[in-house]
């Protein structure tokens with residue numbers, strides 16, 4: 001009975017921490033009118049969820065969040081907007097492909113583009129955990145995110161289904177979105193990502 005009570009207490013503490021973390025992410029994102037601060041706030045979000053997973057400072061939220069927000073401000077923006085630019089190019093390519101006549105070449109090109117989009121999507125989910133977990137040159141973060149996505153196919157599949165499950169949950173219970181919308185997703189992604197990381201060049 002004591003074990004059950006402790007489990008409920010831990011679950012309640014985690015839910016409260018995720019709620020507070022969600023609020024922090026929203027506040028810091030709005031602080032810079034979204035465009036300037038959304039990526040640093042997201043990096044800070046993943047940094048704190050990493051602490052939750054590693055059980056280091058799991059009760060501290062604001063100070064680690066603020067520290068990571070300031071520390072990763074430039075790198076997070078550079079990485080975030082680079083990924084956004086690549087995503088825009090892929091979207092334009094898909095739009096153009098839809099305007100072409102349906103031929104075997106068109107079908108082949110569409111399949112290849114969709115596969116690239118899938119790798120891009122999974123790499124985009126992985127990029128902030130990589131940023132938080134490793135201390136690398138900026139261009140190496142992109143390389144590592146793609147490498148882990150392709151080199152850990154089982155984890156990538158689990159990540160895809162996990163994210164899909166959370167999206168389905170939020171669609172069924174929209175009221176959860178303002179409470180846990182971003183933080184719960186980040187916790188899931190960070191947990192799966194941490195299982196994918198080779199144990200080298202680990203960040204402090």
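For segment 60-69, the condition holds for at least one residue, the condition being that it is part of a loop (DSSP other than H, G, I, E, B), modelled with pLDDT under 95, in contact with a helix residue (DSSP H, G or I) (Cβ under 7 Å, 6 or more places away or on another chain) and surrounded by 17 or more Cβ atoms within 10 Å (Cβ to Cβ).
Residue by residue, here is whether (1) farther than 19 Å from residue 22 by Cβ; (2) surrounded by 15 or more Cβ atoms within 10 Å (Cβ to Cβ); (3) free of Cβ contacts under 8 Å to residues at least 12 places away in the same chain; (4) within 17 Å of the chain's Cα centre (by Cα) holds:
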| residue | (1), (2), (3), (4) |
| --- | --- |
| 100 | yes, no, yes, no |
| 103 | yes, no, yes, no |
| 113 | yes, yes, no, no |
| 124 | yes, yes, no, yes |
| 128 | no, yes, no, yes |
| 166 | no, yes, no, yes |
| 171 | no, no, yes, no |
| 198 | yes, no, yes, no |
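In a helix (DSSP H, G or I), under 24 Å from residue 143 (Cβ atoms), out of contact with any strand residue (DSSP E or B) (no Cβ under 8 Å at 6 or more places or on another chain) and free of Cβ contacts under 8 Å to residues at least 40 places away in the same chain - does that describe any residue in segment 5-27? There is no residue in segment 5-27 that is in a helix (DSSP H, G or I), under 24 Å from residue 143 (Cβ atoms), out of contact with any strand residue (DSSP E or B) (no Cβ under 8 Å at 6 or more places or on another chain) and free of Cβ contacts under 8 Å to residues at least 40 places away in the same chain.
So, residue 31, is that one surrounded by fewer than 20 Cβ atoms within 10 Å (Cβ to Cβ), more than 18 Å from residue 187 (Cβ to Cβ) and touching a helix residue (DSSP H, G or I) at 6+ places or on another chain (Cβ under 9 Å) or not? It is true that residue 31 is surrounded by fewer than 20 Cβ atoms within 10 Å (Cβ to Cβ), more than 18 Å from residue 187 (Cβ to Cβ) and touching a helix residue (DSSP H, G or I) at 6+ places or on another chain (Cβ under 9 Å).
The values are calculated or read from the model by the stated rules, or taken from the named source; none is laboratory data. Predicted model only: the values in this text are computed from it and were never measured. Virtual Cβ from ideal backbone geometry, glycine too; neighbours counted across all protein chains shown.
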